[in-house]
1. Restricting attention to the range 167-185, which residues are in contact with a strand residue (DSSP E or B) (Cβ under 7 Å, 6 or more places away or on another chain) and within 11 Å of the ligand (Cβ to nearest atom)?
2. With 435, 457 as the choices, which residue is surrounded by 14 or more Cβ atoms within 10 Å (Cβ to Cβ), within 30 Å of residue 490 (Cβ to Cβ) and in contact with a helix residue (DSSP H, G or I) (Cβ under 9 Å, 6 or more places away or on another chain)?
3. Looking only at the range 116-166, which residues are within 10 Å of the ligand (Cβ to nearest atom) and not in a strand (DSSP E or B)?
4. Within the range 422-431, restricting attention to residues that are touching a helix residue (DSSP H, G or I) at 6+ places or on another chain (Cβ under 9 Å) and either modelled with pLDDT under 90 or crowded, with 21+ Cβ neighbours inside 10 Å (or both), which residue is nearest to residue 207 (Cα to Cα)?
5. Quick one: how many residues across the range 36-51 are more than 8 Å from the ligand (Cβ to nearest atom) and either modelled with pLDDT under 95 or crowded, with 23+ Cβ neighbours inside 10 Å (or both)?
6. On the given criteria, is residue 261 surrounded by 15 or more Cβ atoms within 10 Å (Cβ to Cβ) and within 21 Å of residue 213 (Cβ to Cβ)?
7. Of everything in the range 45-67, what is more than 18 Å from residue 404 (Cα to Cα) and within 18 Å of the chain's Cα centre (by Cα)? Give them in sequence order.
8. Taking the stated definitions as given, is residue 401 under 22 Å from the mean Cα position of the chain (by Cα), within 16 Å of the ligand (Cβ to nearest atom), crowded, with 17+ Cβ neighbours inside 10 Å and under 19 Å from residue 9 (Cα atoms)?
Ligand SMILES: Cc1cc2nc3c(=O)[nH]c(=O)nc-3n(C[C@H](O)[C@H](O)[C@H](O)COP(=O)(O)OP(=O)(O)OC[C@H]3O[C@@H](n4cnc5c(N)ncnc54)[C@H](O)[C@@H]3O)c2cc1C
């Protein structure tokens with residue numbers, strides 16, 4: 001019998017955000033400890049390390065936007081600010097023995113599957129390694145997107161993206177142009193408005209905005225959460241099922257959103273007196289088609305005398321100004337992009353190469369099937385699991401809930417492999433195709449497809465490869481345990497040709 005190759009590690013995880021930390025923690029609890037995390041940055045935390053812009057906070061309540069296995073009785077607010085979430089992730093990583101497994105500054109540049117040895121060969125900026133299993137936890141929103149606007153490189157002032165905020169650049173008295181009015185912009189615009197000299201906000205499409213019911217968590221609640229943890233679990237469950245009910249409007253019957261639209265329009269009317277400004281802030285698409293935003297201070301910020309809202313499209317950027325389609329030149333010495341992230345093009349997928357040498361990105365863009373099986377595994381890419389993969393994003397609930405469902409599935413797959421002496425786990429094409437049909441059938445009536453907007457959820461062909469089109473508990477149910485019948489399973493290297501277990 002030929003020697004079985006010994007990998008450097010059993011499991012390599014790319015990324016150390018909620019996904020990477022949760023994955024490593026749960027693997028450790030399952031007794032799988034030969035794990036390394038490869039992180040390109042100098043610290044852990046992903047989204048919550050990078051997004052340090054003024055006002056950064058979660059928009060799903062913290063009791064739910066956190067790990068089920070690591071509740072934090074000390075959240076100070078319903079929607080915690082970024083420093084608290086980042087500190088929470090660092091605490092969990094330390095407590096779960098994850099921090100010492102992270103190789104910082106190790107950007108994965110290429111990962112290639114070697115069919116001969118059934119190992120992943122992973123090249124990083126600090127060296128190479130082999131792993132039996134590769135888990136990508138590179139995040140849905142970790143690569144900032146700055147649109148290619150003509151003339152951007154000629155701009156003489158300071159330019160940065162909200163996910164890489166330039167804290168050394170003092171905005172006091174500056175003439176600032178904010179490009180984009182998405183989830184990040186509506187958080188930082190109210191914070192910088194009192195500081196800056198002039199603020200010009202460039203809006204392409206008005207977002208739907210509803211009130212933000214944020215408040216301090218009381219001392220009594222803190223006491224209860226510490227001394228009777230069940231109370232925090234009840235609070236979490238209440239938030240979860242409350243948000244889950246929104247799925248009725250998102251995925252089942254978008255007409256239901258009309259009631260929420262009335263709420264949002266009331267919010268707009270109460271906060272903006274100027275009818276012209278109100279008109280320009282009124283969305284013309286069904287609520288939910290683009291991400292619903294929550295804010296109490298964004299509209300008031302736009303009504304301040306030093307702020308103008310520009311709704312004409314940007315055509316060019318010049319040395320000291322932004323030019324719009326109506327021919328107006330808007331002076332600026334600072335450009336802040338709140339233009340989101342590379343989402344539907346999955347940047348990490350360009351660096352992962354499967355059995356036939358094809359990249360995961362090319363595999364996913366090959367028609368007609370683009371969905372990963374259960375949003376996690378892909379034929380031709382054995383022993384690869386992708387967290388927050390295609391169609392696992394959400395418009396209505398906590399992403400951490402979906403991440404934890406995927407983590408349970410992966411742990412179950414690895415435990416099955418270990419228990420049956422299996423070295424190669426590969427989704428079957430038939431299973432993937434059936435799954436893709438199911439996802440796209442569920443997608444058809446959703447607000448993202450019928451709501452009359454153009455959003456970052458859709459890819460270049462107008463296909464929604466980002467979001468999960470059902471209740472999240474349905475996804476959690478489908479991924480509750482590994483389903484070997486949908487996989488080809490084999491031993492390596494002696495038996496890579498034959499399936500050995502079901
Ligand atoms: C400002 C902001 C607010 C948000 N608020 C919410 C919210 O309230 N509720 C919600 O549900 N979701 C929210 N999200 C979505 C959020 O991204 C997810 O909830 C979650 O944090 C994703 O965790 P992750 O570990 O999958 O990815 P990330 O946190 O993005 O972590 C990915 C990690 O992978 C690393 N990485 C990437 N590529 C490589 C590579 N090639 N080599 C090595 N390392 C690599 C990155 O450096 C990063 O550390 C928000 C997102 C943003 C940007």
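The values are calculated or read from the model by the stated rules, or taken from the named source; none is laboratory data. Fair warning: this is a prediction, and the values are worked out from it, not measured in the lab. Glycine also receives a Cβ, built like all others from the backbone with ideal geometry; neighbour counts cover every protein chain displayed.
1. Looking only at the range 167-185, we keep the residues that are in contact with a strand residue (DSSP E or B) (Cβ under 7 Å, 6 or more places away or on another chain), and these are 169, 171, 174-181, 183, 185.
Those that are in contact with a strand residue (DSSP E or B) (Cβ under 7 Å, 6 or more places away or on another chain) and within 11 Å of the ligand (Cβ to nearest atom): 183, 185.
2. When all the criteria are applied, what remains is 435.
3. In the first step, residues of the range 116-166 are kept if they are within 10 Å of the ligand (Cβ to nearest atom); the result is 122, 124-125, 136-144, 162-163.
Answer for the range 116-166, where residues must be within 10 Å of the ligand (Cβ to nearest atom) and not in a strand (DSSP E or B): 125, 137, 138, 139, 140, 141, 142, 143, 162, 163.
4. So in the range 422-431, the residues touching a helix residue (DSSP H, G or I) at 6+ places or on another chain (Cβ under 9 Å) come out as 422-425, 427-428, 430-431.
This time we only want the ones that are either modelled with pLDDT under 90 or crowded, with 21+ Cβ neighbours inside 10 Å (or both), so: 422-425, 427.
On the way: 422: 49, 423: 48, 424: 46, 425: 43, 427: 39 Å.
Ranking the qualifying residues of the range 422-431, first place goes to 427.
5. The initial filter retains those residues of the range 36-51 that are more than 8 Å from the ligand (Cβ to nearest atom), namely 36-37, 42-43.
Retained after the next criterion (residues that are either modelled with pLDDT under 95 or crowded, with 23+ Cβ neighbours inside 10 Å (or both)): 37.
Qualifying residue count for the region: 1.
6. Details: surrounded by 15 or more Cβ atoms within 10 Å (Cβ to Cβ): yes; within 21 Å of residue 213 (Cβ to Cβ): yes.
Criteria met by residue 261.
7. Taking the range 45-67 first, the residues more than 18 Å from residue 404 (Cα to Cα) are 49-57, 59.
Within the range 45-67, 49, 50, 51, 52, 53, 56, 57, 59 meet the criteria.
8. Working: under 22 Å from the mean Cα position of the chain (by Cα): yes; within 16 Å of the ligand (Cβ to nearest atom): yes; crowded, with 17+ Cβ neighbours inside 10 Å: yes; under 19 Å from residue 9 (Cα atoms): no.
In short, no.
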